[in-house]
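*Asks:* Okay, handing you the structure first.
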Amino acid sequence: MSRNTVSFVFFGTDEHAGTILDELKSAGFTPALIVTTPDKPKGRELQMTPPPVKLWAQKNNIPVLQPEKLDTAFIGQLSKVNSQLFIVARYGKILPKDILNIPRHGTLNVHPSLLPLFRGPSPAQSQILAGVPETGVTIILLDEKVDHGPILAQEVVAMPTPLPHTHELENMLAHLGGKLLAETIPQWLAAPPSGGTPGGRSSSSSRSTRPSRPRCRHGRRSVPRW
């Protein structure tokens, strides 16, 4: 499968989502469409400011949608895109099932923690405050719950010492997540779509829905072949 023929829609907003896009582009994956949040007023002048991912899209000549609501009109727009899968990274909104199920291969999410640990809006900060000895990223097949779905791949690395600031850890995990995502996409697309639950652990539990995979070692990626 040629990487530049993979058609996907990317949902993301902040600068770390832009970092993930950089890693995908370096690996030969460029989205057909980017979905991000609307421009917001910022600064003392309250000047309307585009999110970083919109600027990335403009720089790379990628069409952008900025829906205020994830309504039927927006779903209709997405349905017209011939996309094999959706990718969600730091978008800031919960996608309903009607959107998640549009592409044939579902919706992948890259999360900056070792799920099922540290869900929620501030996983990097939570890991720093918890003083965990290791960190990492997780790729899941996203469902309608928050940071939830079957785990497709993880990469574990040691937590830097001294402990990084939140922004530094977020940046490190964005690079890591983008690289792991680029490795996971072609293997996921090569697997025949199924109406059943894919293999791999659920992000809601450390127990496996099929025979468990060995936990990935430090600095190594665990990417199953379906």
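The values are calculated or read from the model by the stated rules, or taken from the named source; none is laboratory data. Please read these numbers as outputs of a predicted model, since none were measured by experiment. Counting neighbours? That spans all protein chains shown, and the Cβs are built from the backbone with ideal geometry, glycine included.
*Asks:* Could you say whether any residue in the stretch 100-113 is in a helix (DSSP H, G or I), touching a Pro at 6+ places or on another chain (Cβ under 6 Å), at pLDDT below 95 and not polar (S, T, N, Q)?
*Replies:* Taking the stretch 100-113 as the starting set, the residues that turn out to be in a helix (DSSP H, G or I) are 100.
Then drop every residue that is not touching a Pro at 6+ places or on another chain (Cβ under 6 Å), which leaves none.
No, the stretch 100-113 contains no residue that is in a helix (DSSP H, G or I), touching a Pro at 6+ places or on another chain (Cβ under 6 Å), at pLDDT below 95 and not polar (S, T, N, Q).
*Asks:* Taking into account only those residues within the stretch 122-142 that are surrounded by fewer than 18 Cβ atoms within 10 Å (Cβ to Cβ) and either closer than 21 Å to residue 103 by Cα or hydroxyl-bearing (Ser, Thr, Tyr) (or both), which is nearest to the chain's Cα centre (by Cα)?
*Replies:* 122
*Asks:* Scan the stretch 177-204 residue by residue and report those that are surrounded by fewer than 21 Cβ atoms within 10 Å (Cβ to Cβ), among the hydrophobic types (A, V, I, L, M, F, W, C) and modelled with pLDDT of 95 or more.
*Replies:* 182 - this is the single residue of the stretch 177-204 that is surrounded by fewer than 21 Cβ atoms within 10 Å (Cβ to Cβ), among the hydrophobic types (A, V, I, L, M, F, W, C) and modelled with pLDDT of 95 or more.
*Asks:* Name, by its number, the condition in (1) under 25 Å from residue 36 (Cα atoms); (2) part of a loop (DSSP other than H, G, I, E, B) that does not hold for residue 125.
*Replies:* (2)
*Asks:* Can you tell me which residue within the stretch 36-72, out of those that are out of contact with any Ser or Thr (no Cβ under 9 Å at 6 or more places or on another chain) and closer than 13 Å to residue 91 by Cβ, is surrounded by the fewest Cβ atoms within 10 Å (Cβ to Cβ)?
*Replies:* Looking at the filtered set, the residue picked out is 38.
*Asks:* Given the options 29, 86, name the one that is over 19 Å from residue 146 (Cβ atoms) and in contact with a Leu (Cβ under 9 Å, 6 or more places away or on another chain).
*Replies:* After applying the criteria, what remains is 29.
*Asks:* Ok, one more. Could you look through the stretch 29-88, keep only residues that are in contact with a strand residue (DSSP E or B) (Cβ under 6 Å, 6 or more places away or on another chain) and among the small types (Gly, Ala, Ser), and pick out the one that is farthest from residue 178 (Cα to Cα)?
*Replies:* My answer is 83.
*Asks:* If you don't mind, there's one more thing I want to ask. When the residues of the stretch 143-155 are narrowed to those that are modelled with pLDDT of 90 or more and not β-branched (Val, Ile, Thr), which ends up surrounded by the most Cβ atoms within 10 Å (Cβ to Cβ)?
*Replies:* Our first condition is that a residue be modelled with pLDDT of 90 or more; within the stretch 143-155, this holds for 150-155.
Checking which are not β-branched (Val, Ile, Thr) leaves us with 150, 152-155.
Numbers: 150: 21, 152: 27, 153: 23, 154: 24, 155: 24.
Going through the qualifying residues, I end up with 152.
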